[in-house]
Structure formats: structure tokens, C-alpha cells
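Colleague: Dropping the structure in here first, questions after.
The values are calculated or read from the model by the stated rules, or taken from the named source; none is laboratory data. Remember, predicted model here, so these are calculated numbers, not experimental data. We place every Cβ from the backbone using ideal geometry, glycine too, and count neighbours over all the protein chains shown.
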């Protein structure tokens with residue numbers, strides 16, 4: 001198994017990058033946020049998960065080990081493959097995903113292509129006790145705050161921004177701004 005890879009970024013695509021290490025290029029599927037920040041010929045270290053099935057072989061990379069752990073927990077659930085799990089990272093930050101699971105709010109998970117209501121509820125049910133120890137209580141968001149963030153991201157995406165750009169702009173919005181329209185206005189100032 002490949003635990004991590006450190007090297008130079010040689011190529012970027014819509015859902016993967018090629019990382020060169022000792023003359024070998026590794027095609028690694030990564031979350032959209034990693035692609036957004038990655039620059040060609042820059043150094044990058046990724047914690048990786050090697051997905052092996054009889055008809056598929058893939059390498060998935062994450063900046064933080066905690067993201068890799070959440071990814072592994074997601075794919076441990078029946079019906080969730082690695083591409084779907086990576087899709088979960090596209091709609092919300094790992095902290096928001098964990099907050100949604102702990103708050104038993106499956107609505108954010110239903111927005112992922114390939115995850116319906118029953119699968120989203122199963123994710124919440126099966127992971128609730130597994131993700132709790134990995135998050136401090138200060139990191140949790142309420143269901144209302146996550147819903148407002150999700151709605152603001154949808155609004156920014158409808159205006160033509162990528163999910164990664166929208167999420168990055170919302171991180172810069174002050175925490176005391178809770179109204180969705182105000183969040184969007186503040187985020188637009190920061191894009």
C-alpha cells in the first residue's frame with residue numbers, strides 16, 4: 001500500500017493530478033479544493049488511499065490525514081464507492097461533513113450525485129459514533145449554520161463560481177454573518 005506521496009505536480013485535470021516522484025508519475029484523484037490550490041511544478045505531499053478491486057485500481061490523495069480517515073469511513077459504507085466519497089468532499093468541508101453526521105442532518109449528503117435519501121441516512125447512522133471522537137465539540141456547526149453555508153454555496157455556484165471558490169470565499173466571511181443573502185454578498189466581496 002502507498003501511504004503517502006511527495007513530489008512535483010506535473011499535470012492537473014478536472015478530478016485528478018499527476019504527481020512525479022523519482023521519475024514516476026502517479027495519477028491521483030483528489031478533492032476539488034486540492035486541485036484549486038495546486039500549481040504545476042510545485043511540491044505537494046498527499047496522504048493516499050490505494051483502491052484495489054478486480055476491475056479497478058485507483059489512487060486517492062488528501063492533504064490532511066483526518067480527511068483520508070473520513071474518506072475511508074465513507075467508503076466503508078455499502079453503496080459508497082471512492083468516486084462518490086470524493087464527491088462528498090466537493091460539496092462540503094470535512095468539518096461540515098462531520099458536523100452533519102453528528103447532528104444527524106443528512107440533507108447536505110443528499111446533494112452528492114449518487115447519494116439518495118436512504119444512503120444519506122445510512123451514512124449518518126453508521127458513522128455517527130465513528131466520527132465523534134475525531135472532532136472537538138468546538139469544531140461542530142449547528143444544522144442551521146450548515147444549511148445557510150450550503151445555500152450560500154449553491155447561490156454562488158449558480159452565479160458561475162466553482163464549489164471550491166465558493167467554499168473558500170465563505171471561509172473568509174465573518175462567523176457572525178448568518179443570513180444566507182448576507183453571506184453571499186460578503187463572499188462576493190472576497191472572491
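Colleague: Inside region 162-177, can you point out the residues that are farther than 17 Å from residue 89 by Cα and surrounded by 12 or more Cβ atoms within 10 Å (Cβ to Cβ)?
Modeller: Scanning region 162-177 gives 173, 177.
Colleague: Next question. If residue 31 meets every condition in (1) in contact (Cβ under 8 Å) with a residue 40 or more places away in the chain; (2) farther than 24 Å from residue 163 by Cα apart from one, which number is that one?
Modeller: Condition (2) is where residue 31 drops out.
Residue by residue, here is whether (1) within 22 Å of residue 168 (Cβ to Cβ); (2) touching a residue at least 40 places away in the same chain (Cβ under 8 Å); (3) touching a strand residue (DSSP E or B) at 6+ places or on another chain (Cβ under 8 Å); (4) part of a helix (DSSP H, G or I) holds:
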{"site": "69", "(1), (2), (3), (4)": "no, yes, no, yes"}
{"site": "72", "(1), (2), (3), (4)": "no, no, yes, yes"}
{"site": "83", "(1), (2), (3), (4)": "no, yes, yes, yes"}
{"site": "86", "(1), (2), (3), (4)": "yes, yes, yes, yes"}
{"site": "90", "(1), (2), (3), (4)": "yes, yes, no, yes"}
{"site": "101", "(1), (2), (3), (4)": "no, no, no, yes"}
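Colleague: Kindly check whether there is at least one residue in region 27-43 that is farther than 27 Å from residue 171 by Cα, in a strand (DSSP E or B) and not assigned by TED's automatic domain parsing to the domain that holds residue 149.
Modeller: Yes.
Colleague: Given the conditions (1) at pLDDT below 90; (2) under 13 Å from residue 49 (Cβ atoms), and given that residue 73 satisfies all but one, which numbered condition is not satisfied?
Modeller: (1)
Colleague: Considering only residues that are in contact with a helix residue (DSSP H, G or I) (Cβ under 7 Å, 6 or more places away or on another chain) and surrounded by 17 or more Cβ atoms within 10 Å (Cβ to Cβ), look in region 181-191 and name the one that is nearest to residue 31 (Cα to Cα).
Modeller: The selected residue is 187.
Colleague: Right, here's the next one. Hey, could you check region 25-38 for residues that are at pLDDT 95 or above and surrounded by fewer than 18 Cβ atoms within 10 Å (Cβ to Cβ) and say which is farthest from the chain's Cα centre (by Cα)?
Modeller: That would be 25.
Listed here are the residues, each with its yes/no results for (1) at pLDDT below 85; (2) closer than 19 Å to residue 34 by Cβ; (3) not assigned by TED's automatic domain parsing to the domain that holds residue 164.
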site: 77; (1), (2), (3): no, no, yes
site: 80; (1), (2), (3): no, no, yes
site: 84; (1), (2), (3): no, yes, yes
site: 88; (1), (2), (3): no, yes, yes
site: 95; (1), (2), (3): yes, yes, yes
site: 98; (1), (2), (3): no, yes, yes
site: 101; (1), (2), (3): no, no, yes
site: 111; (1), (2), (3): yes, no, yes
site: 118; (1), (2), (3): no, no, yes
